[in-house]
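In what follows, a single structure is set out as structure tokens and then discussed.
The values are calculated or read from the model by the stated rules, or taken from the named source; none is laboratory data. Computed from a predicted model, the values in this text were never measured in an experiment. Backbone-built Cβ (ideal geometry, glycine too); neighbour counts: all protein chains shown.
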Amino acid sequence: MNNSVSGTGRLLWAGLRALLVLTVVCGVIYPLAVTGVAQAVMGHQANGSELKSGGKVVGSSLIGQRYTLPLKKGQQTPAPDLRWFQPRPSNGLGTNSVNTQYKLLVSGATNRSGDNAELIKWVKDAKSAVIKDNSTAGYRVRPSDVPADAVTSSGSGLDPDISPQYAKLQVHRIAARNHLTVARVDRLVADHTTGRTLGFVGEPRVNVLELNVALKQLTGS
């Protein structure tokens, strides 16, 4: 009987020691080591690829955001603020209907087939808006100038990038709205255009948040 009790006690003590050791190693030392290495080697990425403007964090270069005007009375969808470069549409975004205590956006795709009537209407409406918004007194956007990413949302609805074609299509509007020359805004787009990763992976792209942060610095607005 005594041997059985003492044996059980030894097993419990061994298990407790293992629990304490593993808790310290896996729950404290390992996370601190990984965090330290991440901060030392790639601190910007480890902190969420945050972008700052005027000393304040304005977003992450990995997550797209909207540039809109305040809602007017009777409006359900805010109008775009045309002083800024606009991202891709975000029709895939939904709202949190489960826990209504918090106002959250739920990312996702539209889940519409290519021949879906609602999707076709979205694309046509978006194309008309792009042509209207980006045409100026001296520059007229043609329907053939509008690239696919200007009228379709990404799989997540939160794509931070647009194509160089869509960025250049917005140059004349940005120049007119911010009292800049077209050449200066065109150069701004070129400076923020990223090529294919490793020269062959993906497509050239422009990060909208980074571009608008640079535009803000340029205009002082």
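Laid out as a table, the results:
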| item | result |
| --- | --- |
| Matching entry among 167, 176, 129 (being over 20 Å from residue 88 (Cβ atoms) and of a type in the set (A, V, I, L, M)) | 176 |
| The one condition in (1) within 20 Å of residue 134 (Cβ to Cβ); (2) surrounded by 13 or more Cβ atoms within 10 Å (Cβ to Cβ) that residue 213 fails to fulfil | (1) |
| Breaking point among (1) modelled with pLDDT under 90; (2) over 27 Å from residue 211 (Cα atoms), for residue 32 | (1) |
| Unique match (being at pLDDT 85 or above, surrounded by 13 or more Cβ atoms within 10 Å (Cβ to Cβ), closer than 23 Å to residue 205 by Cβ and of a type in the set (Gly, Ala, Ser)) among 144, 107, 153 | 153 |
| Residue within the range 158-176 that is in the same structural domain as residue 120 (by TED's automatic domain parsing), more than 15 Å from residue 204 (Cβ to Cβ) and at pLDDT below 95 present | yes |
| When residues of the range 58-75 are limited to those that are farther than 16 Å from residue 160 by Cα and not polar (S, T, N, Q), the one nearest to the chain's Cα centre (by Cα) | 69 |
| Conditions (1) surrounded by 15 or more Cβ atoms within 10 Å (Cβ to Cβ); (2) free of Cβ contacts under 8 Å to residues at least 60 places away in the same chain; (3) among the hydrophobic types (A, V, I, L, M, F, W, C): number failed by residue 183 | (1) |
| Complete set of residues in the range 128-140 that are surrounded by fewer than 19 Cβ atoms within 10 Å (Cβ to Cβ) and in contact with a helix residue (DSSP H, G or I) (Cβ under 7 Å, 6 or more places away or on another chain) | 131, 133, 136, 139 |
| Residue that is nearest to residue 130 (Cα to Cα), among those in the range 141-196 that are in contact with a helix residue (DSSP H, G or I) (Cβ under 7 Å, 6 or more places away or on another chain) and among the polar types (S, T, N, Q) | 170 |
| When residues of the range 49-65 are limited to those that are at pLDDT below 85 and in a loop (DSSP other than H, G, I, E, B), the one surrounded by the most Cβ atoms within 10 Å (Cβ to Cβ) | 54 |
